[in-house]
Structures are given as C-alpha cells and as structure tokens.
1. Restricting to region 21-55, name every residue that is in a loop (DSSP other than H, G, I, E, B), among the small types (Gly, Ala, Ser) and over 20 Å from the mean Cα position of the chain (by Cα).
2. Quick check on my filter: what residues within region 109-128 are more than 15 Å from the chain's Cα centre (by Cα), surrounded by fewer than 18 Cβ atoms within 10 Å (Cβ to Cβ) and not aliphatic (A, V, I, L, M)?
3. Within region 75-128, which residues are of a type in the set (Phe, Trp, Tyr) and under 20 Å from Val7 (Cβ atoms)?
4. Among what's in region 23-51 and is surrounded by 13 or more Cβ atoms within 10 Å (Cβ to Cβ) and of a type in the set (S, T, N, Q), pick the residue that is nearest to Leu91 (Cα to Cα).
5. Check Glu86 against each of (1) buried (at least 16 other Cβ atoms within 10 Å of the Cβ); (2) farther than 29 Å from Gly153 by Cβ and name the one condition it does not meet.
6. When region 67-82 is examined, which residues are found to be among the hydrophobic types (A, V, I, L, M, F, W, C) and either under 16 Å from Phe109 (Cα atoms) or under 14 Å from the mean Cα position of the chain (by Cα) (or both)?
7. Go through (1) surrounded by fewer than 14 Cβ atoms within 10 Å (Cβ to Cβ); (2) over 11 Å from Leu118 (Cα atoms); (3) of a type in the set (A, V, I, L, M) one by one and return the number of the condition Leu4 breaks.
Amino acid sequence: MSFLWTVPRDMMLIGKMRLKLFVEVIGADDVLIFASVHKFSDGREVAFEGSYGFPLDNVTKGWLKASKRALGPAAEIIWDVPLGFEKKELLSPGEIVAIDVPLMESATFFQAGDLMRLDIQGRWPSPFNPLTGNFPAAYQKSDPGTCLVHMGGEYPAQLIVSMMPARGIHAGPTAPATDSLTIGLGAEQQESPPTPHFSGARQAVCFTPR
C-alpha cells in the first residue's frame with residue numbers, strides 16, 4: 001500500500017521518523033511490517049546509495065514485528081521509538097493493536113512541489129537480487145495471513161518526521177533538527193490548525209506478507 005504527500009514548501013528532513021499504525025492480523029498471530037519513504041521530483045523517483053553499494057535505495061526504511069511492539073520508558077524526543085524487545089505479544093483473532101515502527105536516520109532536502117511516498121508492506125522494500133536489489137540482506141518471513149491496517153477516527157495512523165527548522169534550511173549542515181512534522185494517513189479531520197495528510201482518505205487497507 002502506498003500514500004502520497006505533496007511537499008508544500010522547502011523542507012530539510014533530517015534524523016529519524018516514527019510511523020504509528022493500528023494493525024489486525026487475519027489467519028495468523030504475528031506479522032513483520034516494512035515501511036519505506038521515497039522522494040519524487042519532476043515526476044521521477046530520486047534514488048540514493050544504500051548498503052553494499054546498492055544504487056537504487058530510498059530515503060529511509062524501517063521494520064517491526066507486531067509481536068515486538070511493547071514500548072519502554074517514554075523517549076524525550078517524539079520521533080524516537082523506545083522499543084524494549086523484551087517480550088513477545090502475539091495477536092489474538094480480531095485484536096487491533098497500535099505499533100510504532102522506527103525508520104532509520106536520514107537527511108534529505110525536499111523542494112516545494114516534490115512528492116513523498118510512504119510504502120507499507122509485508123516484504124523488504126527492494127528486490128532480493130544480487131544485481132538489481134539489496135544483497136545479501138535477508139529476514140525471517142511472516143507466516144501466511146493478511147494484515148489489515150486501520151486508519152482515521154479512533155485509529156490516528158501517522159508518520160512523524162524530524163526536520164530542520166524553517167529558518168535553518170540554508171544555515172548549513174550543522175543546523176540542529178529540533179522541529180517535528182506529523183502527517184496523517186487516514187481521512188482528514190476538522191482540526192485547527194489543520195494537520196497535513198497523505199492523499200487518499202481510507203478507513204482500512206490490507207496486504208499479504210511475503
């Protein structure tokens with residue numbers, strides 16, 4: 001599943017990102033969820049150099065098993081995810097749980113009008129191939145089943161990004177990133193001031209892990 005957001009002004013996204021989702025698993029009791037952020041400029045995806053010299057990487061990515069969702073002490077910074085990984089909490093049939101997926105640190109400049117695409121899926125974001133994808137990275141695959149992601153209303157799914165303050169975009173690479181931006185995934189709410197939202201208002205979407 002993919003979500004698009006048109007960047008309204010010049011932004012330097014720098015640091016970590018935090019994706020909050022509300023998930024339900026059908027036909028299984030756990031799921032490994034992958035999230036990735038992509039940049040598009042002038043209609044084309046902008047590729048970045050990743051691990052092992054992979055030349056077609058995205059802005060950032062992160063992953064988490066739903067059973068490892070338990071959080072530790074609250075972090076001082078909103079985009080940090082204090083995962084403990086100390087216990088395994090499998091999902092029951094019909095249970096909807098909140099998970100916070102940490103996305104790796106990055107630093108990317110977006111111009112006004114660029115597109116940000118958020119992908120959520122049950123497999124690694126790029127092909128497992130020594131020539132066209134990441135290699136030799138691998139992961140433990142999920143059991144067969146369907147993951148249902150709930151959004152909007154009582155399920156405020158959102159992506160929190162860290163960004164350089166507007167006054168510091170042209171202040172050089174040492175300017176601190178102290179601001180955060182929250183981008184909603186579900187239907188837009190009547191808020192003041194309004195919260196940015198990815199396009200495509202939906203209540204729930206599903207994917208099959210692979």
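The values are calculated or read from the model by the stated rules, or taken from the named source; none is laboratory data. Note that the structure is predicted; figures quoted are calculated from it, not measured. Reconstructed Cβ throughout: ideal geometry from the backbone, glycine too, with neighbour counts over all protein chains shown.
1. Passing the criteria: Gly27, Ala28, Gly43.
2. The answer is Phe109, Gln111, Gly113, Pro127, Phe128.
3. Our first condition is that a residue be of a type in the set (Phe, Trp, Tyr); within region 75-128, this holds for 79, 85, 109-110, 124, 128.
Trp79, Phe109, Phe110 - these are the residues of region 75-128 that are of a type in the set (Phe, Trp, Tyr) and under 20 Å from Val7 (Cβ atoms).
4. Ser36
5. Going through (1) buried (at least 16 other Cβ atoms within 10 Å of the Cβ); (2) farther than 29 Å from Gly153 by Cβ one by one, Glu86 breaks only (1).
6. From region 67-82, those among the hydrophobic types (A, V, I, L, M, F, W, C) are 70-71, 74-75, 77-79, 81; that's our starting set.
Of everything in region 67-82, those that are among the hydrophobic types (A, V, I, L, M, F, W, C) and either under 16 Å from Phe109 (Cα atoms) or under 14 Å from the mean Cα position of the chain (by Cα) (or both) turn out to be Trp79, Val81.
7. (2) is the only condition that Leu4 fails.
Conditions (1) at pLDDT 90 or above; (2) within 13 Å of Val31 (Cα to Cα); (3) surrounded by 14 or more Cβ atoms within 10 Å (Cβ to Cβ), marked per residue:
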position: Gly53; (1), (2), (3): no, no, no
position: Asp57; (1), (2), (3): no, no, yes
position: Gly62; (1), (2), (3): yes, no, yes
position: Ser67; (1), (2), (3): yes, yes, yes
position: Ala74; (1), (2), (3): no, no, no
position: Leu90; (1), (2), (3): yes, yes, no
position: Ile96; (1), (2), (3): yes, yes, yes
position: Ile99; (1), (2), (3): yes, yes, yes
position: Leu103; (1), (2), (3): yes, no, yes
